[in-house]
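**Student:** My questions will all concern the structure given below.
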Amino acid sequence: MRDARSFSESEINPLHSIEQWEDDVLKRYPEPEVPAKAKEEYRNYADPVRDTVREFYRLNHTYQSYDFVQEKRAEFLKFDRKEMPVWKAMEFLNTLVDDSDPDIELDQLQHLLQTAEAIRRDGHPDWFVLTGFIHDMGKVLCLFGEPQWAVVGDTFPVGCKFSDKIVYPEFFSLNPDYTNEKYNTKLGIYSEGCGLRNVTMSWGHDEYLYQITKDYLPDPALYMIRYHSFYAQHREHAYEHLMDNHDREMFEWVKKFNPYDLYSKNPVPPNVKELKPYYEDLIAKYLPPVVKL
Ligand SMILES: [Fe+2]
Ligand SMILES: [Fe+2]
């Protein structure tokens, strides 16, 4: 199998910035009140950004195989790269700047604060606010030289048939698991209703942050972190057959979280200095003084 080092620059970074993935998700799942583009129009939309997103998914769907995920888990779940306080990790994440897009894009910290502040305004529990604040911290993977398609992008189970409800399903025919009899049946290596805790997801910032925070946050928060990019389930319900009752209950929280992630973007940047003490307190309440990345 090809390891990350053998990918070319354009294969590692097919997108101009990782925000292009989330911008594309927003086009796919527009805010209900905002007039929705027809699905067909979405797919036929011809523009250069769309082509980079398409290429991003070609790479994602080609290389996110069961073995690739196991390799990444072994590599990153050792957490032997860095050790730092959560706020510092956020500042570290914010060094991930977009060098090619001249638009007034919000940086990662601003997206996280806007998500969290929208949750706070709606009066949700403080662990929900904290979840909004940290949910994309796992994107620091990009700063370790990881390919964009192994950090962001819709996530999906590996080890069983790829659903055609996943965006650009046609690219899965390029994945080695597509023709592997062990993995290409509806249930693959899993059993009906086995529960997502027994299912390996494609590798990215969601699973990585879940593994960092799993001992510290309440279960609904951990589901939001772990499955927030699993659109094929929380939007399309394509993997009901792998879920158990606990998953179904917890996915209500994942669904509650998603609009804050997608629709809280606001051109007015939040006041980081003013908000920092509140978030430092929240971090101290739930998370250890330093996290291992
Ligand atoms: Fe995310
Ligand atoms: Fe996000």
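**Student:** Between Glu33 and Leu187, how many nm apart are label points set 7 Å from Cα along the C-beta direction?
**Tutor:** Reported label-point gap for Glu33 and Leu187 is 4.5 nm.
**Student:** In sequence order, what are the phi-derived ³J(HN,Hα) couplings for the stretch 115-121 according to the Karplus relation 6.51 cos²θ - 1.76 cosθ + 1.60 with θ = phi - 60°, rounded to whole Hz, with x for glycine and proline?
**Tutor:** Ordered by residue, 3J(HN,Hα) equals 4, 5, 5, 5, 5, 5, 4 Hz.
**Student:** In nm, what is the difference between 0.36 nm times the number of residues separating Glu252 and Ser173 and their Cα-Cα distance? Let's see the in-between values first.
**Tutor:** Numbers: separation 79, 0.36 × 79 = 28.44 nm, distance 3.19 nm.
Fully extending the segment from Glu252 to Ser173 adds 25.3 nm.
**Student:** Next question, about the same structure. Kirkwood hydrodynamic radius, the stretch 199-293, all distinct C-alpha pairs: what's the number in Å?
**Tutor:** So the Kirkwood estimate lands at 15.1 Å.
**Student:** At 7 Å along Cα-to-Cβ for each site, give me the label-to-label distance between Glu9 and Arg121 in nm.
**Tutor:** 4.1
**Student:** I need the phi-derived Karplus couplings for the stretch 286-293: 6.51 cos²θ - 1.76 cosθ + 1.60, θ = phi - 60°, integer Hz, Gly and Pro marked x.
**Tutor:** Karplus values, whole Hz, x for Gly and Pro: 10, 10, x, x, 9, 10, 9, 10.
**Student:** Right, here's the next one. Excluding residues fewer than 8 places away in the same chain, name every one of the aspartates and glutamates whose C-alpha is closer than 15 Å to that of Lys27.
**Tutor:** Glu19, Glu40, Glu41, Asp47, Asp51, Asp154, Asp261
**Student:** Shifting gears a bit: Treating the beta-carbon of each Lys and Arg as +1 and of each Asp and Glu as -1, no other charges, what is the dipole magnitude of the chain about its Cα centre, to the nearest 20 debye?
**Tutor:** 560
**Student:** Next up: Which of Val167, Val254, Val152 moves most in a GNM of the chain, Cα contacts under 10 Å?
**Tutor:** Val167
**Student:** Okay, next question. What list of ³J(HN,Hα) couplings, whole Hz, do you get for the stretch 76-93 from phi and the Karplus terms 6.51, -1.76, 1.60, once you set θ to phi - 60° and write x for glycine and proline?
**Tutor:** So the Karplus estimates, Gly and Pro as x, are 9, 7, 7, 6, 10, 9, 8, 9, 7, x, 4, 4, 5, 5, 5, 5, 4, 4 Hz.
**Student:** At a Förster radius of 25 Å, what calculated FRET efficiency corresponds to the Cβ-Cβ distance of Tyr216 and Asp23, to the nearest 0.05? Don't skip to the end; give the middle numbers.
**Tutor:** Numbers: r = 31 Å, r/R0 = 1.24.
Working from the Cβ atoms, E equals 0.20.
**Student:** Starting from the Cα of Lys285, draw a straight line to each of the aspartates and glutamates and keep only those under 20 Å, dropping any in the same chain fewer than 8 residues away.
**Tutor:** Within the straight-line cut-off, Lys285 pairs with Glu83, Glu91, Glu117, Asp126, Asp136, Asp215, Asp219, Glu274.
**Student:** Please give, to one decimal in nm, the separation of the simple spin-label points placed at Asp80 and Val268, each 7 Å out from Cα toward the Cβ.
**Tutor:** Roughly 4.8 nm, to one decimal.
**Student:** How charged is the neighbourhood of Tyr57? Take every other residue with its Cβ under 10 Å from the Cβ of Tyr57, and add Lys/Arg as +1 and Asp/Glu as -1. All intermediate terms of the calculation are to be shown ahead of the outcome.
**Tutor:** Numbers: positive: Arg54, Arg58; negative: Asp24, Glu55, Asp154, Glu170.
Combined, the nearby Lys, Arg, Asp and Glu give -2.
**Student:** Give me the lysines in straight-line cross-link reach of Lys182: C-alpha distance below 26 Å, same-chain residues under 8 apart excluded.
**Tutor:** Lys72, Lys161, Lys165
**Student:** Sticking with this one: Check which residues have an amide H placed less than 5 Å from Met201's amide H, if you skip close sequence neighbours.
**Tutor:** Long-range HN contacts for Met201: Val158.
**Student:** Using packing as a proxy for protection, rank 186-196, 75-85, 108-118, 12-22 so that the peptide with the highest average count of other Cβ atoms within 10 Å comes first.
**Tutor:** Going by the mean number of other Cβ atoms within 10 Å, highest first, we get 108-118, 12-22, 186-196, 75-85.
**Student:** Going toward the positive end of the dipole of the stretch 193-293, with +1 on Lys and Arg Cβ and -1 on Asp and Glu Cβ, which of Leu209, His246, Pro289 do you reach last?
**Tutor:** Pro289
**Student:** Given N residues in the stretch 8-292, what is its alpha carbon radius of gyration divided by 2.2 N^0.38 Å?
**Tutor:** 0.97
Where a number appears in this text, it was derived from the coordinates with a stated rule and is not lab data. Here the structure is a predicted model, which means the values were calculated and not measured. Backbone-built Cβ (ideal geometry, glycine too); neighbour counts: all protein chains shown.
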